[in-house]
Amino acid sequence: MALTPERKLKKAVVYLMRDPLFADMSGIFMLGTKSIDDNCPTAYTNGRDEVYGSEFVKSLDITELAFVVVHESYHKMLRQLTTWNKLFKEDANLANMAADYVVNLAIVNRDPQGTIVKMPMKDGKPMGLLDRRFAGMHTKQVFDILKQEQKQKQGGGQGAGQSGASEGFDEHDWEGANQLTREEQEQLAKEVDQAIRQGQITAQKMHGNGGGNLDRELMDLLNPKVDWRELLREFVSAVCNGRDFSSWRKPNRRFLSSDIIMPSLVSERVGHMVVGIDTSGSIGGPELSRFLTEVKEIAEKVNPDKVDLIYWDAHVAGHEVYNSGTLGDLINSTKPKGGGGTDPTCVPTYLDEHGIKPECVIMLTDGYVGSWGQWDVPILWAICGGNKVVAPVGKTIHIED
């Protein structure tokens, strides 16, 4: 008697969990739910739960179905749908392809001969995307390459690896992942971390002291190194919007939860930024120069009306003001001041006392502070010096070499 899709899927999961080659993923296999949907053409995940099409499951043998289960689990383990959701908004097709290239290569590297898992085939050809030139890359790196090749192809050139390329055998529920609240995403990240640790314990029991299969390359993929400059630019672009006129074409999201339709305020201009720099003595010249150079370039790109550059330690030690006409000379003209203790709360106090009301604040610090302060504007903390602390207020990026 043929197995039902539900029982066949469970069999594939048990089959994987019993094999030492995939033992370290056992925690991920158990994370979230797995369900069968008659209307799903293949399979997909939102980063937590998995859905498999009934006819698709029926069409696969156990090694092919196991490959698909590992594939969906890698999407979850690498947190692709939450970490790289912005790529989906930029180009959905390329984001799907980039995610699959990373995942499929990781699976094939684990089982090169296909003894335990085998990529599904259709008409004698693999259904999934695979290209070894992407070895060691995370999703954003692959996406950038694919995007450049797409531009070359559209311009008349032939993008490498794009001719006749499959779009993969599964779907990706980017929108479902995007609907997770920030708290839900943070909770999911904790659950994924815990599932990985549980899998490592299981693998160590199977392998002995040798441990599991999560090699260094894969651990790097689990913690994708995103360029801090890119995150800094995104923050400025996202929150420093000019507010010149209203548009009903893009409803204001703040009011949608209350069933109120209001226009968004849009403009091509950027308003007022504050950049606060920790000069308590722990910020070295190279970090300061690198950060100021990036801030200057970003400011020149978004063309703010005003930039208040504030140097602080235990109090505000220096305050310089720049506009679109003087930003170009920021690096040469600025005069850092300070060298005392470290108390970032002096900055919001100073802003309030002097009636300074920016659209956003960017704070550069080593993160060794006692209190982060109260802020009523969007704030980005740029942490340097190797400190991995995450500020309890605002957004945090880590400046790395």
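Figure legend: label point modelled 7 angstrom from the Cα of Lys205 along Cα→Cβ; residues of region 1-19 with amide N under 19 Å from it are 13-19. Residues His354, His75 in ascending order of nearby Cβ atoms (within 10 Å, fewest first): His354, His75. A simple rule links phi to the HN-Hα coupling: the Karplus curve 6.51 cos²θ - 1.76 cosθ + 1.60 with θ = phi - 60°, which for region 142-152 gives 5, 4, 4, 5, 4, 5, 5, 5, 5, 5, 5 Hz, with x for Gly and Pro. Under a 5 Å amide H cut-off, with hydrogens placed 1.01 Å from N, Asp366 pairs with Cys384 among residues at least 5 apart or on other chains.
Summarising the amide proton neighbourhood of Trp372: residues at separation of 5 or more, or on other chains, whose placed amide H is nearer than 5 Å comprise an empty set.
Excluding same-chain neighbours fewer than eight residues apart, the aspartates and glutamates reachable from Lys89 by a Cα-Cα span under 13 Å are Asp173, Glu175.
Express in nm, to one decimal, how much length is gained between Glu90 and Asp131 on full extension, taking 0.36 nm for each residue of separation and deducting their alpha carbon distance.
Details: separation 41, 0.36 × 41 = 14.76 nm, distance 2.24 nm.
Answer, rounded to one decimal: 12.5 nm.
For a 18 Å ceiling on Cα separation, which of these pairs sit above it: Lys58/Lys122; Lys86/Lys153; Lys8/Lys118; Lys306/Lys357; Lys11/Lys125; Lys337/Lys395? As for pairs spanning more than 18 Å Cα to Cα, those are Lys86/Lys153; Lys11/Lys125; Lys337/Lys395.
Students often check this: by mean Cβ neighbours within 10 Å, which of 81-94, 318-331 ranks highest, and how do the rest follow?
Numbers: 81-94: 17.7, 318-331: 14.4.
Ranking, from highest mean packing down: 81-94, 318-331.
Computed from the coordinates by the stated procedures, all read-outs in this text should not be read as laboratory data. Remember, predicted model here, so these are calculated numbers, not experimental data. For neighbour counting, all protein chains shown are included, and Cβ atoms are generated from backbone atoms with ideal geometry for every residue, glycine included.
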